Amino acid sequence: MPRGRPRTFEITLTETERTALADLAGSRSLPAGLVRRARVILLSADGEANRDIATAVDLSGTMVGHWRRRYRDLGLAGLYDAPRAGRPRTHDDDDVARLLRTVLRTKPAHATHWSIRSAAAKTGIHRSTVQRYFALFGVQPHRSKSFKLSTDPFFVEKVRDIVGLYLNPPDHALVLAVDEKSQIQALERTAPILPMGLGYVEGVTHDYLRHGTTTLFAALDVQSGRVITQCKPRHRHQEFLRFLEHVDTHVPRRLDVHLILDNYATHKHAKVRAWLAKRPRYHVHFIPTYSSWLNQVERWFGLITQQAIRRGSYRTVKELIRRIEAYVAHHNRAASPFTWTATADSILAKLKRLTTVISESAY
C-alpha cells in the first residue's frame, strides 16, 4: 500500500497500455529518459508510492508527480519530450526556395558550378547556412558523375536476357560472367610503404618503377560467387581460347554453360565462334554495347583491384601474379554470390527517366 500522504489520483492501465509501457521500459535502444518514465508509470500503476518510485528510478518526487500528471492528461504521448522553443528562423521558406532555384537552375557567370561561397554571395545567405541547406536537401554542386547510353539496337532484348539469367538461372546449368582485366601493371614503389598509425594513414609514394603487365581472365559463377581465373601476358583471341579451355576443364560435363560476355572483338573472333560451335553445351549471351555494369564480373574486378592490386608494390610480374592467385584462393574459400535485385523492368524504367531528363535539358 502507498505510504505517506494520499495521492490525488491513481493510474489504471489497460492490458494494451501495460504492454506498450513494458516494451518501452525494457528497451535497450530508446533514450534512457523515456525508459525511466515508462518505469515510473508502471510502478505507479502497481500502487507504489511516489517516494518509493523516486528512489527506484533515481528521480525526485516532484518529477515523479510531473510524469504521472503528463501520462494522465496525454497518455503515452505525454512521456515524450515536448517541442522546445528555439531561436526564430533567419531565413523563411521563400529564401530557401530561392537558394535552391539558383543552384539547381542556373550557372555562375565565371565558373562551371556553384560553390558554397559563390552561392552565399549570390543569395546573401551566410555560407554556413548554405552549407547546412545543401546537406539537408542533398545538393552537391561540386560533384558530377559520368554516364553513357547504349546505342545497341537490341538493348531491351539483351537486358531482359541477361537479367533473366541472374534472377532465374536455368536448371542443370552454370551461368558464368566472363571478362578480362587487361594491362594490370606490376608497379614497384620507389620507397617502402609507410605503415598506418594512430592519427595518420598509410603512406605510399606517388612515383614507381614499371616491371611489365599481365592480363587477368576471370569467369564468375553468379550462383556461388566463385571465380575461375588465369593470368596471361596478352589478351588476344589466342589467350581467350586457352582460358575457355581452362574453364571447360573446371565445369562438370553434365552441365550446360551460359557465358555472359561483352562485345570486345576477341570474344567474337572466328576461331572463338568455331570453338563454341563444336561444344553445344555452351550458350553465349552478349551484353548491350556500353553496358559493362550489366556484367557481374566487373564488380569482382573492382574488389580485387581495391583489396589486392592498387596499393601493392611488386618487383616482378610473377610477384603480381602470385598476389592475384592468393587473393582468388582466399576469395573462393568463403565465396558468396552478389545479390542482384534489379529487374529488367526497373532498369528500363530508370533509363526512360534518364532520357526524359536529357530531352528536357536539351531545350
(message) For the condition closer than 18 Å to Ala82 by Cα, assigned to a helix (DSSP H, G or I) and not charged (D, E, K, R), what is the one hit in Ala54, Ala38, Ala22?
(response) Ala38
(request) Please indicate, with yes or no, whether at least one residue in segment 328-337 is on the phi < 0 side of the Ramachandran plot, of a type in the set (A, V, I, L, M), in the same structural domain as Asp262 (by TED's automatic domain parsing) and touching a Cys at 6+ places or on another chain (Cβ under 8 Å). (result) no
(request) Name the one entry in Leu255, Leu261, Leu209 that is without any contact (Cβ under 8 Å) to a residue 24 or more places away in the chain, of a type in the set (A, V, I, L, M) and touching a strand residue (DSSP E or B) at 6+ places or on another chain (Cβ under 8 Å). (result) Leu209
(request) Answer with yes or no whether Ile125 is in contact with an Asp or Glu (Cβ under 8 Å, 6 or more places away or on another chain) and either at pLDDT 90 or above or in a loop (DSSP other than H, G, I, E, B) (or both). (result) yes
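Looking only at segment 138-173, which residues are part of a loop (DSSP other than H, G, I, E, B), out of contact with any strand residue (DSSP E or B) (no Cβ under 6 Å at 6 or more places or on another chain) and closer than 30 Å to Pro252 by Cβ?
Keep residues of segment 138-173 that are part of a loop (DSSP other than H, G, I, E, B), which gives 138-154, 168-172.
Now narrow it down to the ones that are out of contact with any strand residue (DSSP E or B) (no Cβ under 6 Å at 6 or more places or on another chain): 138-154, 168, 170-172.
Within segment 138-173, Asn168, Pro170, Asp171, His172 meet the criteria.
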(request) Would you mind stating whether Val317 is surrounded by 15 or more Cβ atoms within 10 Å (Cβ to Cβ), aliphatic (A, V, I, L, M), over 25 Å from Asp161 (Cβ atoms) and in the same structural domain as Leu194 (by TED's automatic domain parsing)? (result) yes
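This table checks each residue for (1) surrounded by fewer than 16 Cβ atoms within 10 Å (Cβ to Cβ); (2) assigned by TED's automatic domain parsing to the domain that holds His235; (3) modelled with pLDDT under 90.
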site	(1), (2), (3)
Leu165	no, yes, no
Pro170	yes, yes, no
Thr190	yes, yes, yes
Gly203	yes, yes, yes
His206	yes, yes, yes
Ala218	no, yes, no
(request) Please work out which one of (1) touching a residue at least 40 places away in the same chain (Cβ under 8 Å); (2) buried (at least 17 other Cβ atoms within 10 Å of the Cβ); (3) part of a loop (DSSP other than H, G, I, E, B) is the condition Phe9 fails and give its number. (result) (2)
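The values are calculated or read from the model by the stated rules, or taken from the named source; none is laboratory data. Keep in mind the model is a prediction, meaning the values are calculated, not measured. Using ideal geometry, Cβ is built from the backbone for each residue, glycine included, and neighbour counts are taken over all protein chains shown.
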